[in-house]
1. Within region 74-122, take every residue that is assigned to a loop (DSSP other than H, G, I, E, B) and out of contact with any strand residue (DSSP E or B) (no Cβ under 6 Å at 6 or more places or on another chain) and give me the one that is surrounded by the most Cβ atoms within 10 Å (Cβ to Cβ).
2. Assess whether Ala159 counts as being touching a Leu at 6+ places or on another chain (Cβ under 6 Å) and of a type in the set (Gly, Ala, Ser).
3. I'd like to verify a number: residues in region 136-172 that are modelled with pLDDT of 80 or more, under 23 Å from Thr206 (Cβ atoms) and either hydroxyl-bearing (Ser, Thr, Tyr) or assigned to a loop (DSSP other than H, G, I, E, B) (or both), how many?
4. For region 241-258, does any single residue satisfy the condition of being out of contact with any Lys or Arg (no Cβ under 8 Å at 6 or more places or on another chain) and part of a loop (DSSP other than H, G, I, E, B)?
5. For residues that are closer than 18 Å to Arg202 by Cα and among the aliphatic types (A, V, I, L, M), scanning just region 114-135, find the one that is nearest to the chain's Cα centre (by Cα).
6. Quickly run through region 23-73 and pick out the residues that are closer than 15 Å to Asn193 by Cβ, open to solvent by 10 Å² or more (accessible area, probe 1.4 Å) and not in a loop (DSSP other than H, G, I, E, B).
7. Does any residue in region 176-194 that is under 14 Å from Lys165 (Cβ atoms) and acidic (Asp, Glu) come within less than 7 Å, Cβ to Cβ, of a residue that is open to solvent by 30 Å² or more (accessible area, probe 1.4 Å) and not in a helix (DSSP H, G or I) six or more places away or on a different chain, and which pairs are these?
8. Exactly one of these conditions fails for Leu155: (1) surrounded by fewer than 19 Cβ atoms within 10 Å (Cβ to Cβ); (2) aliphatic (A, V, I, L, M); (3) more than 18 Å from Ser141 (Cα to Cα); (4) touching a residue at least 24 places away in the same chain (Cβ under 8 Å). Give me its number.
Amino acid sequence: MTEHYFENQFINLHYYKYGSGPNTMLCFHGYGMHGKQFKLLESSLGSKYTFIGFDLFFHKETKLKDQSLPTIKKGIIKNEFADFILDFCRHEGITHFSVIGYSMGTHYATVVAEELPQMIDTFIIAAPSALNPGRLIPFFSKNRMGNKILEKLALNEKALIRLLKLFKRLRFIDSEGYKILYNEIGTAELRFNFYACFTYLRFFETDEERLLHALKDQNIKSIFIFGKRDKAFPPGIGAEFIAKLNNAQVIVLNEGHEMIKKDFAATLTKLLS
């Protein structure tokens, strides 16, 4: 595994490369994770794919050139992110690629599929928040009042923890989701990143019609992976959408939300080998 940086006018992107295969897989990790999240695929698929795992916005070593509050509130729109991916592909000499996204990362993956379907070989999303993000993500990212509440809470550690406990009690999140989020708000920087992820990416809302046409018109092989015990994004979300595709597979693992484990790798390897 090697580490790299790609820099342009608005970002200093940190990413990892692992595997040595002739095909490229762009990897978009989940919230609080990093570009190494899919490294467990290297041992079984590294001869077929070269994996490029990004540290996504507001995670680990990737930094916007301007991370001020006005820039965060302005956000990034889909075609701006597509242009960034094109710049990165030119930098790496990539003409075609597959994409894999997990949870938060599925929003990135679907944007790429909507904007650049002609470049995609295989589309894989696991715990696909992008198909149905629930009530909290839209409220805190796109609703003006909700986002203002989140901004105030993000500056106050105790208030944010109380809010998480309330969401758990109301069953908006389960124990697993609570634990993941709790571990991500321990410092002022982490709380700012928490706010920034909701706010900066608010335009990454899936356009199902556009995504459907993109996947169908290019006949892109699509794989949707769910955790049987995932209460945040359970099997069945997006069922109507997936049923309209011609080249799609649905996999349900005996896992909760945190599913990027050995069984995930073994199952995906069978589908991609």
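1. Step by step, filter region 74-122, then rank; the result is Ser103.
2. On the way: touching a Leu at 6+ places or on another chain (Cβ under 6 Å): yes; of a type in the set (Gly, Ala, Ser): yes.
Against the criterion (touching a Leu at 6+ places or on another chain (Cβ under 6 Å) and of a type in the set (Gly, Ala, Ser)), Ala159 qualifies.
3. 3
4. Looking through region 241-258, at least one residue is out of contact with any Lys or Arg (no Cβ under 8 Å at 6 or more places or on another chain) and part of a loop (DSSP other than H, G, I, E, B).
5. Within region 114-135, the subset closer than 18 Å to Arg202 by Cα is 114-115, 128-135.
Next cut, among the aliphatic types (A, V, I, L, M) only: 130-131.
Details: Ala130: 8, Leu131: 12 Å.
Across region 114-135, the extreme among qualifying residues is Ala130.
6. Residues satisfying the conditions are Lys63, Leu64, Leu69, Thr71, Lys73.
7. none
8. The failed condition is (3).
The values are calculated or read from the model by the stated rules, or taken from the named source; none is laboratory data. Note that this is a predicted model, so its numbers are computed, not measured. Glycine gets a Cβ as well: all are built from the backbone with ideal geometry, and neighbour counts include every protein chain shown. These accessible areas exclude ligands, DNA and RNA; they are computed on the full protein's heavy atoms, side chains included. Shrake-Rupley method; radii C 1.70, N 1.55, O 1.52, S 1.80 Å.
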